[in-house]
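Step one of this worksheet: look at the structure below.
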Amino acid sequence: MIDLAELALLAAAGYRGTQLLVHDTILDPVRDRLHTWHDKRPTSTARTALVTLISCVYCMGWWVSGVLLAIYLLLTGQFHGEPLLLHGVEWFAVAGAAVLLNRIDDTLARVG
């Protein structure tokens, strides 16, 4: 099981990765192309789901946190030998902490 330091590290990485994918201007061209692609068939469920994923910090944060956690656990040899349910709980913890960082960032942006 990951410890608090690992949780903090993964949460910070999940937060930053989510910000990169959802908000950072470097990926604006990719997001714009996906929105244009969606606009050609706005009734497509798959296209709508993808556009929702790339614009929602909660949706994207969930998947970014899961990928980061899986990579981390595999690279550190912590994946095998533990129940999958435990890794599911770790996934919730990492994603929740990353979203908390996002909420703090949003709150500070409104205040400042």
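The values are calculated or read from the model by the stated rules, or taken from the named source; none is laboratory data. Given the structure is predicted, the values throughout are model-derived calculations rather than measurements. Every residue, glycine as well, gets a Cβ built from its backbone with ideal geometry; the counts of neighbours run over all protein chains shown. Side chains are part of the model used for accessible areas, which takes the heavy atoms of the whole protein and leaves out ligands, DNA and RNA. Shrake-Rupley method; radii C 1.70, N 1.55, O 1.52, S 1.80 Å.
Worth pointing out:
- Taking first residues from region 62-87 that are assigned to a loop (DSSP other than H, G, I, E, B) and partners that are modelled with pLDDT under 95, no Cβ contact under 6 Å between residues at least 6 apart in sequence or on separate chains turns up.
- Looking only at region 98-112, and only at residues there that are open to solvent by 40 Å² or more (accessible area, probe 1.4 Å) and among the hydrophobic types (A, V, I, L, M, F, W, C), the one that is farthest from the chain's Cα centre (by Cα): Val111
- Positions within region 11-35 being exposed (fewer than 13 other Cβ atoms within 10 Å of the Cβ) and not in a helix (DSSP H, G or I), in sequence order: Asp24
- Every listed requirement among (1) surrounded by fewer than 16 Cβ atoms within 10 Å (Cβ to Cβ); (2) at pLDDT 95 or above is met by Ala95 save one, (1).
- Filter result for Ala8 (open to solvent by 50 Å² or more (accessible area, probe 1.4 Å), of a type in the set (Gly, Ala, Ser), out of contact with any His (no Cβ under 8 Å at 6 or more places or on another chain) and on the phi < 0 side of the Ramachandran plot): yes
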